[in-house]
Every structure is written in structure tokens, then in C-alpha cells.
Ligand SMILES: [Zn+2]
Ligand SMILES: [Zn+2]
């Protein structure tokens, strides 16, 4: 079968920007050096463009994980053009298909099953799925957003203004146009490109699968550092409407922090969060599944699997009771009803759950996998 034709615009953009970043930036650093303002502009524009993709293109427009004020959407639209990853409409269309048909080589635009190169960048170098782009019917809702449509219509002018105009202007202000263009323009663009491309490639290859193994997506704390928090991709693929990817407060997810900040500033509303009970259940189901698989080869597998299932059911029951009581307590607080007894009940159930969970961990640890 003949390979689809090459997309020369993309090939030229990626290769020229990469060459400049790898050759001309070090050359300029050696013969001239960069000053603090240029490095600061590099960092700020890297965060601005990267977060416009993760908080804007991804969590806002592709997944509708929250609602944002028009000024924020406008800011994302410009930052998205600065990131040079196509228009928000096009990007979101691709991304919704990625989630719907994840790992399906014929349908997923950047299927990880096609290998690292393809899912990282290869999918953008040839007309693999050009037939999909004529109507954008899976992003009809976004077609009602005038900012999305304005960005889509003026995308080429915007990307030139943001990627060349803005660094040139900043360089002129700082007294060195070429250095600013090389650092905050080209190097920043290439770094942000590949860091965000890692979400489609490495985050589907490298890491753990605590919530689901129905697709290739992985959780990886190190990748989260490079991808503005999108490294918790296993969680994201099972609970895609959650505005967070790193659900624990300590997990590095600047995109989540930005959205929360916008919420406090009254610039974002309706932040969607998956109930904790569903998250815990998904995790437990994965642990059960893994243990069952490991036990399956034993001669008396059925006995052990029954024992495990029994422990799982007990734990699940404690989990349900705890979250039900917690919800009742929240409702009582909201309605200003006396809730002292409920509070005690929740505390007791929390202790029960913790004990049961420790027991579950011990049981799964002590199962005779090796015998
Ligand atoms: Zn993915
Ligand atoms: Zn997504």
C-alpha cells in the first residue's frame, strides 16, 4: 500500500525550527550570550504557550472540564497560536477522536500502538486521516464559541504575530532582537512542541496504570514535570472530564492550579471533578484484576481467587458506607441541620475503612503468587 502524501508545511516548520534551536541558539550563546531578560521571556512564553494548550485547548475546549470567561478564552487563543499546534478547533477535533478511539490504529489520530515516532510527531508529517477534517462535526459545540472560530479563521496571521511579532517586539524593547527571537521564539517553540508531544508518545508508553489497563495511557510523575501536569495520563484517560490530572494536592499539575486560580478570580466556573468514590473504586478494581491474573496459574487458583474476591467485596462495602455517610454529612452541613452524630459516624467509618484497606494490602501482599 502506498504511504499517504507528505505534509511539507509541517515538515518544514518542524525541521527549520529544530535546526535553529539546535544550531543557531548554541552558536549565539557562545559568540554573544543571552541575558536574564531573554531567559525570563523564554520561561514565561514557554509557560504561556504550554498552559494555553493544556488548560485551554485540552481541558477547556476538548473536554469541557470547566467554563472560562471570554477574556481567558481569548488569552488561550493567542497562547495556542504561540504554541503552534494548529487551531483550537482542529486540535480538539483530533483529541476527542483520540479519546473515543484510543489505540485504534485506523481511527486514533496519534495511536500509541503505531510506535513512539508516529505518536510523537510522525502522525503530523503525512496526510494519514485528511478525510476527517472537512466538517469538524465532533466539535460542533466549539463552533458556537466566537473566540474559537475567530482563532480558526485567522490562525496563520495569529501564529506569525505571536511567534515572530511578539519576540521581535520584546527583543526591540530589550535592545537585542536576534537573541530574543532565537531564545523566546525558536528554542521556546521547539521545547514546548516536544514537551507537549510527549503526552501522546511517552505518556502512552512509560509509567504505571493504577486506574485502568483498557488503554495504553500511563501515569508518570516525571513526565508531569515536562508536560504542565499532563503526565497523569492514565487517570486522564479514564476520567477525562475532571479538570485535574494530578488529583493529589502534591502532584505537579500547574494546569490544575491555574484553573483553580482562575476560579478564585471569578474567571472560571463549573470545575468538574470525578467523585472520589469512583476514583478509589477504579483503583481497587485494578488491584483486584492484577492479583487475580497473578493467581490464575496456581493449581488451587479458585480458592485464592474466592478469598481475594471476598476481601474485595468487604472493602468495597466499607468504601460505599463511608462515602454515603460523608455525602449525608455534607448535605446536613449545607442545610444547616445538626450533624454532630453524623460527624462521629463519618469518623468511625473512616477508621473502619483505613483498617480494612490495610488488611486488603496485607492480603494482596501475602498471596502465594510464586508457589
Ligand atoms: Zn492520550
Ligand atoms: Zn484528553
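The values are calculated or read from the model by the stated rules, or taken from the named source; none is laboratory data. This structure is a prediction, so every number in the text was calculated from the model and none was measured. With ideal geometry, Cβ positions are generated from the backbone for all residues, glycine too; neighbour counts draw on all protein chains shown.
With loosely packed, with under 15 Cβ neighbours inside 10 Å, under 22 Å from the mean Cα position of the chain (by Cα), within 16 Å of ligand 2 (Cβ to nearest atom) and over 13 Å from residue 215 (Cβ atoms) as the only criterion, which of 141, 104 stands out? Write out each step before concluding.
Numbers: 104 fails: over 13 Å from residue 215 (Cβ atoms).
None of the other options fit; the residue is 141.
Do we have any residue at all in segment 38-46 that's under 18 Å from the mean Cα position of the chain (by Cα), closer than 30 Å to residue 273 by Cα and at pLDDT 95 or above?
The initial filter retains those residues of segment 38-46 that are under 18 Å from the mean Cα position of the chain (by Cα), namely 46.
Those left that are additionally closer than 30 Å to residue 273 by Cα: 46.
Narrowing the set further to residues that are at pLDDT 95 or above leaves 46.
Within segment 38-46 (the criterion being under 18 Å from the mean Cα position of the chain (by Cα), closer than 30 Å to residue 273 by Cα and at pLDDT 95 or above), the answer is yes, since at least one residue qualifies.
Can you find a residue that is free of Cβ contacts under 8 Å to residues at least 40 places away in the same chain, under 27 Å from residue 73 (Cβ atoms) and more than 16 Å from ligand 2 (Cβ to nearest atom) anywhere in segment 195-207? Break it down stepwise before answering.
Going residue by residue through segment 195-207, those that are free of Cβ contacts under 8 Å to residues at least 40 places away in the same chain are 199, 203, 206-207.
Still in the running and under 27 Å from residue 73 (Cβ atoms): 199, 203.
Remaining after also requiring more than 16 Å from ligand 2 (Cβ to nearest atom): none.
Taking every residue of segment 195-207 in turn, none turns out to be free of Cβ contacts under 8 Å to residues at least 40 places away in the same chain, under 27 Å from residue 73 (Cβ atoms) and more than 16 Å from ligand 2 (Cβ to nearest atom).
Can you report the number of residues in segment 328-341 which are part of a helix (DSSP H, G or I) and either in contact with a helix residue (DSSP H, G or I) (Cβ under 8 Å, 6 or more places away or on another chain) or within 19 Å of residue 353 (Cβ to Cβ) (or both)? Full working, then the answer.
Filtering segment 328-341 down to residues part of a helix (DSSP H, G or I) leaves 328-334, 340-341.
Next, only the ones that are either in contact with a helix residue (DSSP H, G or I) (Cβ under 8 Å, 6 or more places away or on another chain) or within 19 Å of residue 353 (Cβ to Cβ) (or both) stay: 328-330, 332, 341.
The number of residues fulfilling the criteria is 5.
Take residue 224 and decide whether it is buried (at least 21 other Cβ atoms within 10 Å of the Cβ), in contact with a strand residue (DSSP E or B) (Cβ under 9 Å, 6 or more places away or on another chain) and at pLDDT 95 or above. Give the derivation first.
Details: buried (at least 21 other Cβ atoms within 10 Å of the Cβ): yes; in contact with a strand residue (DSSP E or B) (Cβ under 9 Å, 6 or more places away or on another chain): yes; at pLDDT 95 or above: yes.
Yes; evaluated as a whole, the condition is true for this residue.
How many of the residues making up segment 49-59 are free of Cβ contacts under 8 Å to residues at least 60 places away in the same chain and either away from ligand 1 (no atom under 16 Å from the Cβ) or under 11 Å from residue 192 (Cα atoms) (or both)?
If we filter segment 49-59 for residues that are free of Cβ contacts under 8 Å to residues at least 60 places away in the same chain, which is where we start, we get 52, 56-57.
From what's left, either away from ligand 1 (no atom under 16 Å from the Cβ) or under 11 Å from residue 192 (Cα atoms) (or both): 52, 56.
Of the residues in segment 49-59, 2 are free of Cβ contacts under 8 Å to residues at least 60 places away in the same chain and either away from ligand 1 (no atom under 16 Å from the Cβ) or under 11 Å from residue 192 (Cα atoms) (or both).
So, of the residues in segment 300-314 that are in contact (Cβ under 8 Å) with a residue 12 or more places away in the chain and in contact with a helix residue (DSSP H, G or I) (Cβ under 7 Å, 6 or more places away or on another chain), which turns out to be farthest from residue 364 (Cα to Cα)? Quick ask: steps written out before the conclusion?
Initial filter on segment 300-314 (in contact (Cβ under 8 Å) with a residue 12 or more places away in the chain): 304-305, 307-309, 311-312, 314.
Restricting the remaining residues to those that are in contact with a helix residue (DSSP H, G or I) (Cβ under 7 Å, 6 or more places away or on another chain) gives 304-305, 308, 311-312, 314.
Working: 304: 10, 305: 11, 308: 8, 311: 9, 312: 10, 314: 14 Å.
That would be 314.
Taking segment 172-193 as the search range and keeping residues that are assigned to a helix (DSSP H, G or I) and either within 16 Å of ligand 2 (Cβ to nearest atom) or free of Cβ contacts under 8 Å to residues at least 40 places away in the same chain (or both), which one is nearest to residue 82 (Cα to Cα)? Steps first, answer last, please.
Within segment 172-193, the subset assigned to a helix (DSSP H, G or I) is 172-174, 177-193.
If we keep only those that are either within 16 Å of ligand 2 (Cβ to nearest atom) or free of Cβ contacts under 8 Å to residues at least 40 places away in the same chain (or both) too, we end up with 172-173, 177, 181, 185.
On the way: 172: 18, 173: 19, 177: 18, 181: 13, 185: 9 Å.
Looking at the filtered set, the residue picked out is 185.
So residue 199 clears everything in (1) more than 14 Å from ligand 1 (Cβ to nearest atom); (2) in a helix (DSSP H, G or I); (3) buried (at least 22 other Cβ atoms within 10 Å of the Cβ) except one condition, right? Which one?
Result: residue 199 fails condition (1) only.
Here are 132, 73, 96: which of them is assigned to a helix (DSSP H, G or I), within 15 Å of ligand 1 (Cβ to nearest atom) and either modelled with pLDDT of 95 or more or surrounded by fewer than 19 Cβ atoms within 10 Å (Cβ to Cβ) (or both)?
96
Being in contact (Cβ under 8 Å) with a residue 12 or more places away in the chain, away from ligand 1 (no atom under 15 Å from the Cβ) and crowded, with 23+ Cβ neighbours inside 10 Å is true for just one of 46, 112, 68. Which residue is that? Show your work before the answer.
Details: 46 fails: crowded, with 23+ Cβ neighbours inside 10 Å; 112 fails: away from ligand 1 (no atom under 15 Å from the Cβ).
After ruling out the rest, the residue left standing is 68.
Output the number of the condition that residue 83 fails; it satisfies all remaining conditions of (1) farther than 18 Å from residue 138 by Cα; (2) within 15 Å of ligand 2 (Cβ to nearest atom); (3) crowded, with 24+ Cβ neighbours inside 10 Å; (4) more than 15 Å from the chain's Cα centre (by Cα).
Checking residue 83 against (1) farther than 18 Å from residue 138 by Cα; (2) within 15 Å of ligand 2 (Cβ to nearest atom); (3) crowded, with 24+ Cβ neighbours inside 10 Å; (4) more than 15 Å from the chain's Cα centre (by Cα), the one that fails is (2).
In this structure, is residue 160 without any contact (Cβ under 8 Å) to a residue 60 or more places away in the chain, crowded, with 19+ Cβ neighbours inside 10 Å, away from ligand 2 (no atom under 16 Å from the Cβ) and farther than 25 Å from residue 5 by Cα? Let's see the steps before the verdict.
Working: without any contact (Cβ under 8 Å) to a residue 60 or more places away in the chain: yes; crowded, with 19+ Cβ neighbours inside 10 Å: no; away from ligand 2 (no atom under 16 Å from the Cβ): yes; farther than 25 Å from residue 5 by Cα: yes.
The answer is no for residue 160.
Listed here are the residues, each with its yes/no results for (1) surrounded by 13 or more Cβ atoms within 10 Å (Cβ to Cβ); (2) in a helix (DSSP H, G or I); (3) within 16 Å of ligand 2 (Cβ to nearest atom).
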{"site": "217", "(1), (2), (3)": "yes, no, yes"}
{"site": "234", "(1), (2), (3)": "yes, yes, yes"}
{"site": "256", "(1), (2), (3)": "yes, yes, yes"}
{"site": "284", "(1), (2), (3)": "yes, yes, no"}
{"site": "298", "(1), (2), (3)": "yes, no, no"}
{"site": "310", "(1), (2), (3)": "no, yes, no"}
{"site": "315", "(1), (2), (3)": "yes, yes, no"}
{"site": "318", "(1), (2), (3)": "yes, yes, no"}
{"site": "326", "(1), (2), (3)": "yes, yes, no"}
